[in-house]
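Enquirer: I am attaching a structure below and will ask some questions about it afterwards.
The values are calculated or read from the model by the stated rules, or taken from the named source; none is laboratory data. Fair warning: this is a prediction, and the values are worked out from it, not measured in the lab. Cβ: placed from backbone, ideal geometry, glycine included. Neighbour counts: every protein chain shown. Heads up: the accessible areas ignore ligands, DNA and RNA and are worked out on the full protein's heavy atoms, side chains in. Shrake-Rupley method; radii C 1.70, N 1.55, O 1.52, S 1.80 Å.
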Amino acid sequence: MPLTPSGEHDLSSFAAKAGTRTRIVILCSLHNPTGRRIPRTALAAFLGSLPPHVVTVLDQAYVEFDEHEETHDLDLLRAAPRLVLLRRFSKAYGLAGLRAGYALAAPDLAGLARKTLLPFSVTRTAEHAAEVSLEEHGQLAARLDTVRRGRSLLSAGLRAEGLDPLPSYGNFLWLALGAATERFAQVALAAGVRVRAYPGAGVRITVGGDEAHRRVLGAARLFRTAGT
């Protein structure tokens, strides 16, 4: 379902469409590709408005990048027994490619999910890496701090170049560029960086290092100059 013009989840529309035939509602917070979050109060109200048989699956793949404590709060699981949270180690924990993650849910829902699991869906290597990464609190904190600072600097730099990224809580920024989306992606590629283009909508720019950001901002400058 499309987001609102300001990049927010249109939860009222979701709730209005849920009926007797609805079994599952799937949301993501933080949202990919915009980096927007669903505030705790809005999420609680939405869950309370759904028919009692509906299961809500909330993908929280990027949740660690959000510095708001309420995002990490698990009390919602106690208040909403039909809620399932999905989290993974491929983002903030740096284990991309190992396909390790986990779900948090009430015992009855977790039991149903286990019945559908494929054998050996997580390798021994991935399992061990996930266990070790959970103990590396210092490395995780340093990585999150680096991403958050980089996100803030890149956002400010893009605004200085006349662009308007949405406020993001993830490890990427979203530029709503409409029909100019592919032109920006081409300019960025010529500058030596690749962005994720959604034709007709916008681009997602992953937060990176100083050199990558310099190239992105150079591309933004060329993009704005060529478009005027």
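Enquirer: As a test of reading the structure, rank 63, 147, 132 by solvent-accessible area (1.4 Å probe, protein chains only), most first. Intermediate results must be reported in sequence, preceding the final value.
Expert: Working: 63 0, 147 25, 132 60 Å².
Correct descending sequence by accessible area is 132, 147, 63.
Enquirer: So if each residue of separation counts as 0.36 nm, and I subtract the Cα-Cα distance between residue 104 and residue 215, what length gain in nm does that give? Please report the intermediate quantities before stating the final value.
Expert: On the way: separation 111, 0.36 × 111 = 39.96 nm, distance 3.97 nm.
Contour length minus the Cα-Cα distance gives 36.0 nm.
Enquirer: At 1.4 Å probe size, what's the solvent-accessible area of residue 217? Round to the nearest 10 Å².
Expert: Number for this one is 40 Å².
Enquirer: At a threshold of 8 angstrom on Cα-Cα distance, excluding pairs fewer than six apart, so keeping six or more, what relative contact order does the chain reach in percent?
Expert: Values: 335 pairs, mean separation 37.2, N = 228.
Taking the mean separation of contacting Cα pairs over the length of the chain, I get 16 percent.
Enquirer: Skipping prolines and chain starts, which residues have an amide H placed within reach, meaning under 5 Å, of the one on residue 35, given they are 5 or more residues away or on another chain?
Expert: Answer set, sorted by chain and number: none.
Enquirer: I'd like the antiparallel share, as a percent to the nearest 5, of DSSP beta bridges with both residues in region 10-161.
Expert: Details: 4 of 13 bridges.
Beta bridges within region 10-161, antiparallel portion: roughly 30 percent.
Enquirer: For the pair residue 159/residue 3, report the inter-label distance in nm, with labels modelled 7 Å from Cα in the Cβ direction.
Expert: About 1.7 nm, to one decimal.
Enquirer: Here is a further query. For a quick check of your reading of the filter: which trypsin sites (Lys or Arg not before Pro) in region 112-176 sit in a DSSP loop and have no more than 12 other Cβ atoms within 10 Å?
Expert: Details: sites: 114, 115, 124, 143, 148, 149, 151, 159; in loops: 115.
Counting only loop positions with at most 12 other Cβ atoms within 10 Å, the trypsin sites (Lys or Arg not before Pro) in region 112-176 are 115.
Enquirer: How far is helix 40-49 tilted, in degrees, relative to the longest principal axis of the Cα atoms in the chain, given as a value from 0 to 90 rounded to the nearest 10?
Expert: It works out to around 50 degrees.
Enquirer: Could I ask something else about it? Can you give the accessible area of residue 211, probe radius 1.4 Å, in Å² rounded to 10?
Expert: It works out to around 90 Å².
Enquirer: For the residue pair residue 152 and residue 113, what label-to-label distance in nm results when each label sits 7 Å from Cα along the Cα-to-beta-carbon direction?
Expert: Label-label distance for residue 152 and residue 113, simple model: 3.4 nm.
Enquirer: Let me ask something else. Can you tell me the FRET efficiency between residue 90 and residue 180 if r is taken as the Cβ-Cβ distance and R0 is 22 Å, rounded to the nearest 0.05?
Expert: On the way: r = 31 Å, r/R0 = 1.41.
With a Förster radius of 22 Å, E is 0.10.
Enquirer: Starting from the amide H of residue 172, placed 1.01 Å from N in the peptide plane, find each other amide H under 5 Å away whose residue is 5 or more places distant or on another chain.
Expert: 207
Enquirer: Further, regarding this structure: Rank by packing, highest mean first: peptides 161-168, 67-74, with packing defined as the count of other Cβ atoms within 10 Å averaged across residues. Display every interim value, and only then the final one.
Expert: Details: 161-168: 17.8, 67-74: 11.8.
Final packing ranking: 161-168, 67-74.
Enquirer: Stick to Cα atoms and the Kirkwood definition of Rh, then tell me Rg/Rh for the chain. List each step's numbers first, then the result.
Expert: Values: Rg = 19.4 Å, Rh = 19.4 Å.
A ratio of 1.00.
Enquirer: Return, ordered by residue number, the residues of region 77-108 whose backbone nitrogen is under 18 Å from a label point located 7 Å along Cα→Cβ of residue 136.
Expert: What the label zone holds, given the 18 Å backbone N cut-off, is 88-102.
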